[in-house]
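Enquirer: After the structure tokens below, expect a handful of questions from me.
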Amino acid sequence: MSFDENTNEELPSLDSHAHLKTTRTSSELVDTGAVLAMTLSLDESTLVVDRNEPYIVWGVGCHPCNLEAQKTFDKDHFYDLVERAAIVGEVGLDTGSRVPIDLQRQNFRKILEIVTEIPRLISIHSYRATELVIKELRQKNINNAIPVLHWWTGTADQTQEAVALGCYFSIHSAVARHSKFRTRVPLERILIESDHGYRDPPSAIPCRIEWVEHLVGQQLKLEIKQVRHLVWRNLGLIIRKTGTCELFPKIFAHVLKKRV
Ligand SMILES: [Zn+2]
């Protein structure tokens with residue numbers, strides 16, 4: 001792939017998967033850089049779907065480890081929220097979860113049906129369930145929706161299949177040294193994440209992203225600045241493909257549009 005080598009423009013850090021407490025005010029979130037903020041339940045998604053911070057996009061989620069959220073999942077409610085949101089996440093499967101896997105799978109399938117109809121970036125948890133997630137994506141053609149495998153721990157072969165299925169990878173520092181990202185994943189499928197937690201200070205996100213940029217840059221033989229420009233461009237292309245530009249905050253969308 002060739003991407004814009006003109007890296008003089010200063011871009012904020014771009015975190016493709018983090019968790020921000022919904023009780024944080026907008027003024028508490030001014031130093032986070034650009035963030036795709038995941039939610040864990042429909043209740044949480046409902047609280048944030050209409051928020052508007054210049055560089056934060058809130059997802060609609062139902063986490064595979066959240067028993068209450070999985071038990072009370074409502075497809076119509078999820079559908080309504082997805083229509084109003086720019087991205088979906090965190091969703092997925094986890095065999096170590098106390099939530100029965102059949103229930104997780106049933107809900108995950110409903111979510112895949114929704115994004116097939118309403119294309120969105122969908123941030124997918126696959127911890128201890130990489131093969132199961134691949135199987136679901138293999139069985140269901142989700143049209144223009146874009147699956148992003150977050151904190152991916154799959155084998156090289158699974159990674160190769162995920163690439164063939166159209167997946168992107170949001171790379172966390174814990175997996176950034178895995179060689180499969182260099183050997184099996186094209187540059188245009190790479191994103192970066194912190195998976196920052198609720199208790200962590202939001203203003204620390206840019207430092208954590210910079211650390212992953214260092215690790216990924218070392219693996220891919222790219223300058224840190226090039227990694228940053230690459231992930232902005234990659235997200236820009238996702239937004240174009242899913243047709244979700246208008247759902248992003250204006251400034252965020254403007255920066256993304258300029259990168260592609
Ligand atoms: Zn997460």
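Every read-out reported here was derived from the displayed coordinates using simple, explicitly stated rules and does not represent laboratory data. Quantities reported herein were computed from a predicted structural model and do not represent experimental measurements. Positions of Cβ are backbone-derived with ideal geometry, glycine not excepted, and every protein chain shown enters the neighbour counts.
Enquirer: Any chance you could count the Lys pairs in the chain whose alpha carbons are under 14 Å apart, treating pairs 8 or more apart or on different chains as valid?
Expert: 5
Enquirer: Give a residue-ordered list of calculated ³J(HN,Hα) values for the range 140-155 (Karplus: 6.51 cos²θ - 1.76 cosθ + 1.60, θ = phi - 60°; whole Hz; x for Gly, Pro).
Expert: Going residue by residue, I get 10, 7, 9, 6, 8, 5, 10, x, 10, 7, 9, 6, 6, 10, x, 6 Hz, with x marking Gly and Pro.
Enquirer: Set the Förster distance to 30 Å, then compute FRET efficiency between S179 and E131 from the Cβ-Cβ distance, nearest 0.05.
Expert: 0.90
Enquirer: What does the net charge come to around N66 if you take all other residues with beta carbon closer than 13 Å to its beta carbon, with K and R at +1 and D and E at -1?
Expert: Value of the local net charge: -3.
Enquirer: Can I ask one more? So what is the relative contact order for the range 45-139, in percent, with contacts set as C-alpha pairs under 8 Å and at least six apart?
Expert: Contact order relative to length: 29 percent.
Enquirer: Still on this model: Please report Rg over Rh for the chain, where both radii come from the alpha carbon positions and Rh follows the Kirkwood definition.
Expert: 0.93
Enquirer: Right, next: Under 5 Å between amide hydrogens, which residues at least 5 positions from H172 or on another chain qualify, with H placed 1.01 Å from N in the peptide plane?
Expert: Correct list: W151, W152, E193.
Enquirer: Neighbouring Cβ atoms within 10 Å as the yardstick, rank H229, H125, H77, H254 fewest first.
Expert: By the 10 Å Cβ count, ascending, the order reads H254, H77, H229, H125.
Enquirer: Show that you can apply the helix-only estimate: for the chain, add -39,500 (n - 2.57) for every DSSP H stretch of four or more residues, divide by all residues, and state [θ] at 222 nm to the nearest 500.
Expert: Rounded to the nearest 500, it is -12500 deg cm²/dmol.
Enquirer: Moving on. Taking the simple approach of a point 7 Å from Cα along Cα-to-Cβ for both T72 and A204, what is their distance in nm?
Expert: The modelled label-to-label distance comes out at 3.0 nm.
Enquirer: While we're on this one: Long-range amide H contacts for S97: which residues qualify at under 5 Å (H placed 1.01 Å from N, peptide plane, sequence gap of 5 or more or a different chain)?
Expert: When sequence neighbours closer than 5 places are left aside, there are no close amide H contacts.
Enquirer: Follow-up question, since we're still on this one. Among I111, I205, I134, I118, which comes first, second and so on when ranked by fewest other beta-carbon atoms within 10 Å?
Expert: I118, I134, I205, I111
Enquirer: In addition: Let me make sure I get this right: for the range 25-171, a, b and c are the square roots of the gyration tensor eigenvalues over alpha carbons, sorted descending. Under 1.5 in a/c it's rounded, otherwise prolate if a/b > b/c, else oblate. Which is it?
Expert: Judged from the Cα gyration tensor, the range 25-171 comes out prolate (a/c at least 1.5, a/b above b/c).
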